[in-house]
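Just below is one structure, and these are the notes that go with it.
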Amino acid sequence: MAIEVRIPTILRTYTGGEKSVDAEGASLGALIDDLEANHPGIKERLIDDGDLRRFVNVYVNDEDVRFLGGLEATLSDGDQVVVLPAVAGG
Amino acid sequence: MGRDAVVSPYAGRVLRLEQATYDAIVAHAKRDHPDEACGIVAGPAGSDRAERLVEMVNAAGSPTFYEFDSSDLLQLYKEMDANDEEPVVVYHSHTATEAYPSRTDIGLAMEPGAHYVLVSTREHGNNDGPVEFRSYRIIDGEVTEEEVDVVAHLPARSTT
């Protein structure tokens, strides 16, 4: 099962500069664990204290995963996952 | 160094902006005052050319915070991807404080290649009058101010 994951510029240091990598997982949480296995260090940039970081947006097929159950969001073969840091500040 | 040498206070980095883009960013900041305004100027990837202004909605609708709406953010990045663009400038306004990145701005700056522009509307609010307009690099928590060079038109694109 392959799911395409789009990686933002700031995290490409973990993917050898790749804009997009393939990963596997039946849920977003499992997918991130699989990413971590191949790109060590990336998980900590996405997850804090067992939940998605507040200022990291993850989309599955263009839908914000916060509306799909967060890390519990289910994934299927061929889904596209996009990771984008929030553009935010004070 | 000669006594007459002009010493730039900046480390040689420059943000070059067209007058029209500069004016549009200032107008956006004044219009949204007292809430913070935000947006980007996109340009061809790797070119450092601030060509295409995109005003964004501040989903936080706040005088002390800004955040691009999550679906707008996705659409924006997909559009830039399709155009082979990147965010050359990320701008926002401060409406009660100086045009310098706040601790939150620094902590959340995730575009190491971008010029972070800060406009302060604290002096004249929605009204005419000068604003503070400054630009920075923010990389790994380190802030470096750079010169802002406003030109009538960007030089023609290199064709090579």
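Semi-axes of the equivalent ellipsoid of the range A:3-85: what are they in whole Å, largest first, if each equals the square root of 5 times a C-alpha gyration tensor eigenvalue? Walk me through the intermediate numbers first.
Values: eigenvalues 57, 40, 29 Å².
So the three semi-axes of the range A:3-85 are 17, 14, 12 Å.
Note down, for the range B:14-151, the three equivalent ellipsoid semi-axes (square root of 5 times each alpha carbon gyration tensor eigenvalue), biggest first, whole angstrom. Walk me through the intermediate numbers first.
Working: eigenvalues 88, 55, 48 Å².
The three semi-axes for the range B:14-151 are 21, 17, 15 Å.
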Where both partners of a DSSP beta bridge lie in the protein assembly as shown, what percent of those bridges are antiparallel, to the nearest 5? 75 percent
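Which value, in Å to one decimal place, does the Kirkwood hydrodynamic radius take for the protein assembly as shown when every pair of different Cα atoms is included?
Details: mean 1/r = 0.0516 Å⁻¹.
Its Kirkwood hydrodynamic radius stands at 19.4 Å.
Quote the relative contact order of chain B in percent (integer), defining contacts as alpha-carbon pairs under 8 Å separated by 6+ residues. Each step should come with its number before you reach the end.
Details: 299 pairs, mean separation 44.1, N = 160.
Relative CO of chain B lands at 28 percent.
Pick out, in residue order, every one of the trypsin sites (Lys or Arg not before Pro) in the range A:17-50 that is DSSP loop and has at most 13 other C-beta atoms within 10 Å; say none if there are none.
Details: sites: A:19, A:43, A:45; in loops: A:19.
Passing both the DSSP loop test and the Cβ count: A:19.
Among DSSP beta bridges whose residues both lie in the range B:14-151, state the antiparallel percentage, nearest 5. Can you show the working numbers first?
Working: 23 of 34 bridges.
Antiparallel: roughly 70 percent of the beta bridges in the range B:14-151.
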May I ask which residue of B:89, B:59, B:125 lies farthest towards the positive end of the charge dipole of the range B:14-151, with charges of +1 (Lys, Arg) and -1 (Asp, Glu) on Cβ and the Cα centre as origin? B:125
Would you calculate, for chain A, the mean residue ellipticity at 222 nm contributed by helices, counting each DSSP H stretch of 4 or more residues as -39,500 (n - 2.57) and dividing by all residues, to the nearest 500? -5000 deg cm²/dmol
Quote the relative contact order of chain A in percent (integer), defining contacts as alpha-carbon pairs under 8 Å separated by 6+ residues. 36 percent
Packing-based exposure ordering (other Cβ within 10 Å, fewest first) of A:59, B:100, A:14: B:100, A:14, A:59
Averaged over residues of B:101-108, the number of beta carbons from other chains lying within 10 Å of each residue's Cβ is 3
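Can you tell me the dipole magnitude for the protein assembly as shown around its Cα centre, using point charges on the Cβ only (Lys, Arg +1; Asp, Glu -1), in Debye to the nearest 20? The partial results should precede the final answer.
Working: 21 positive and 46 negative charges, 155 e Å.
Approximately 740 debye in magnitude.
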What is the dipole size for chain B, taken about its Cα centre, with +1 at each Lys and Arg Cβ and -1 at each Asp and Glu Cβ, in debye to the nearest 20? 300 debye
Work out the length of the dipole vector of chain A about its Cα centre, built from +1 on the beta-carbon of each Lys and Arg and -1 on the beta-carbon of each Asp and Glu, and round it to the nearest 20 debye. 460 debye
Here the range A:7-15 yields Karplus 3J(HN,Hα) values (6.51, -1.76, 1.60; θ = phi - 60°; whole Hz; Gly and Pro given as x) of 9, x, 2, 5, 9, 6, 4, 7, 10
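Helix-derived [θ] at 222 nm for chain B: sum -39500 (n - 2.57) over DSSP H runs of at least 4, divide by residue count, nearest 500?
Numbers: 3 runs with 33 residues, N = 160.
The helix contribution divided over chain B gives -6000 deg cm²/dmol.
Since every read-out is calculated from the coordinates, none of them should be taken as a lab result. Just so it is clear, the structure is predicted and the values come from calculations on it, not from any experiment. Cβ atoms come from the backbone with ideal geometry, glycine included; neighbour counts cover every protein chain shown.
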